[in-house]
1. Please compute the length gained on full extension between residue 612 and residue 401, using 0.36 nm multiplied by the number of residues separating them and subtracting their Cα-Cα distance.
2. Can you give the FRET efficiency for residue 453 and residue 358, using 1/(1 + (r/R0)^6), R0 = 25 Å, r = Cβ-Cβ distance, to the nearest 0.05?
3. Going by average Cβ density within 10 Å per residue, which order do the peptides 326-333, 123-130, 591-598 take, highest to lowest?
4. Label residue 112 and residue 226 with points 7 Å out from Cα along Cα→Cβ: what is the distance between them in nm?
5. I want the local charge near residue 450. Using Cβ-Cβ distances under 15 Å, sum +1 for each Lys or Arg and -1 for each Asp or Glu among the other residues.
6. Under the rule of at least 5 residues apart or a separate chain, name every residue whose amide H is placed under 5 Å from the amide H of residue 46.
7. Could you check the spin-label model distance between residue 331 and residue 506? Points 7 Å from the Cα along Cα→Cβ, value in nm.
8. Given H placed 1.01 Å from N in the peptide plane, which residues other than close sequence neighbours of residue 389 have an amide H under 5 Å from its amide H?
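No value in this document is a laboratory result; all are computed from the given coordinates. Given the structure is predicted, the values throughout are model-derived calculations rather than measurements. Don't worry about glycine lacking a Cβ; one is built from the backbone with ideal geometry, like all the others, and counts go over all protein chains shown.
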Amino acid sequence: MNARLRSAPTVWIAKVFCVALAVYIVGRLGRVSIAPSGEFARIWTGSGVALASLLFFGNGIWPGAWLGSFLIESATTLEGSGTQATVSLLFASVVATGTALQAATGSWIIRRVLDKVPTVDSVNEVLALLGLGGVLCTLLGAAARSVGLFSPDLISRFIRDDLSSHGGISDWRTWEASWGAELTGVFVFAPLALILLNPKTHPFAGPGRLGRLGRRQVLRFLEFVTLFVAIPVVVLQIGNERATDFGVILMTASALWATLRFGRAGTGLNLFVMAMILASNVSTGSQLLGAIRTGPATATTDAQILQGTFSVTFWSLAAILSDRERVATELRESEGRFRQFSEGMPHVIWMMTPDKFHFLYVNRAFEQVYGLSREDLYASSGLWLASIHPEDRQRAAEARWGHAGAGEYCEEYRVIRPDGTVRWVRESAVPLRNERGEIALFGGTVEDITQSRQDAQDLSRQQSELLHVSRLSSVGQMVATLSHEVAQPMSAIGTFATVCASLLKSEPLTANRLENIRQCIESITAENQRCRAILRRLRDYTRKAPRQRTACDLNAVINESLDLILHELQRDNVKVRRKLAPSAVLVSGDRIQLQQVIINLLTNARDALVHVDPARRVVALRSEADGEFVTIEVADQGIGLPAEENDRLFEPFFTTKAEGVGIGLSICKTILEEHGGEISGFTNESGGATFRIRLPVAGKRPQEQELPRQPAQTDGQRSRTAGGMASQGFEAQAPREPSRVNNDSLKTD
């Protein structure tokens, strides 16, 4: 006895008693006396009720099956040649043991196969119950009865001998009769008992079954009485008085009617009524059903065959109908859940015919997004295309009907609502296929992305403003460089202008003086171009302009970035060693933003070198083309990167500087990702840090001209100009060449 039974012995005893009583009652109903011989016959046993009870309550309830069968057998009287004898208790025990073993074995096998208690609502469950629990396991009960009947000292020997001498019972006939009775008991009563035991499937399940009788309930009751009372009475009357086939026809029609109208419960009740009719006719010696005649010797077997045929047929039919009803119910519930889910979604959900010309379903969100009525769309599917913005209509139509209209697609377009407002939407669709792989319909969604597109535009504008502010913040640090760069050409212009004025005042204007004046004017023009180039670079760097993606020389970008920050590096005695790619490397991107990245990295390198030995204040700047990518490295010998914070280097507002804001590296990462590149940082083995940039190489030449850069004057030109001016009594100081050409702090390895 398991723990559950030990914890509730009273409940277990009650179950055992109920099962024993049910097995006894059903078994007694199946034992009839054949007239006029007076011999007994078993049309069915209580094995079906025993099997159903063990399936429902578990095999721990087997004593109830044993006790019910024992009571039936112990009360049985054997008759022959006018002599009566009762069976021994040992015989009853053997038969009861066979019944209990049969029920327990069938219950175990069916549970293993179905992994649940059968509810007789599918063909698989009916076949498992009738095949495994009936055809297979009833062999055990039949064998036990046969062994008990032909074993010594179990019944009176003279009764056994008397039955054998009359040819009434042979070994095979005994086993066959026993198995037929066991089989009929399972076929008729096992499914019916399971239906009655299960609270979800018995005839009175569900609310309102026994409530107030209305017209429909009255008609249902009259139908019930006709099926299970009136028709059985007519069949019994036909069987007793007329040799016709009307009895079989009526019972077949009644069984079909009961199955169709009352389901499994109606089938079980009809088969039970039919079993009682057959038992009555066998007992009275009448025809089984109408014109079906049989003799006393075969009446029991014929009744069992007829009952078994009806049972298998109509239990299977009831299971098929129940299975279909369950599928239909699940389909209705699934459709209801889908509609409830769909109608509550803010996105449009739609389904169309395979040709995409007719809408089968759209949810309520369609009216909110498109501003149109669903009924109008069902009536005219062309409203969908007509509501699309004219500039997007062709593209949206090609997306829906392109590729022979059989593929998935995702497209964004604008919708013009009837009130004139414009909404951006994203439509996605997939084909839904049937079991044969054919497209049954198309389903898709339409999402209103107006707000998200507006947010993306706002974010892009704010990001652009942030980049602009970041560049402006670095201009303050470049003021010294800019003043130094501009002061040189301006000073030279003033000097050359003074020399020209003096030469023009001198008399006479000799050819030599005119040559000096011409050289001064050329020098003024050259220095003016230098000023314009410096101011243009500054204006380009600080202006707030839309991004321009063009192909540009990355080496030139690096050199121009150095020009802008050179004075800051010189002020802190930081040297830059450049090792650039030997040939021009083109990348596609925004020139100013790429300059901003280089300047940010050089500024960080300078800040990392301020507190180290001046001999180590060197920044290595390298560029190298590597197939489809170009790599730029900015390496220093400074304090390095914090190992525990390496993963946070590029997070916004994260900084290791005391006065840092923490947006420089984050901006660099954003810019490079927009250019299809990446950036990483790591600590060098010898100290300091290296930041590595990878950018994809462009596939075309630059589409814009580089900023004009005035070449430096040669020593001969400067000497001639200075000599000419000196000959006139002026000491002209030649301007220093641009830092990008001659600067001791820039070494090229």
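1. Between residue 612 and residue 401, full extension yields 69.2 nm more.
2. Efficiency for this residue pair is about 0.25.
3. Numbers: 326-333: 10.4, 123-130: 20.5, 591-598: 23.5.
Per-residue mean Cβ counts within 10 Å order the peptides as 591-598, 123-130, 326-333.
4. Here the answer is 4.8 nm between the modelled labels.
5. That works out to -3.
6. Long-range HN contacts for residue 46: 27.
7. Distance between label points: 11.1 nm.
8. Here the answer is 414, 415, 416, since their amide H atoms fall under 5 Å of that of residue 389.
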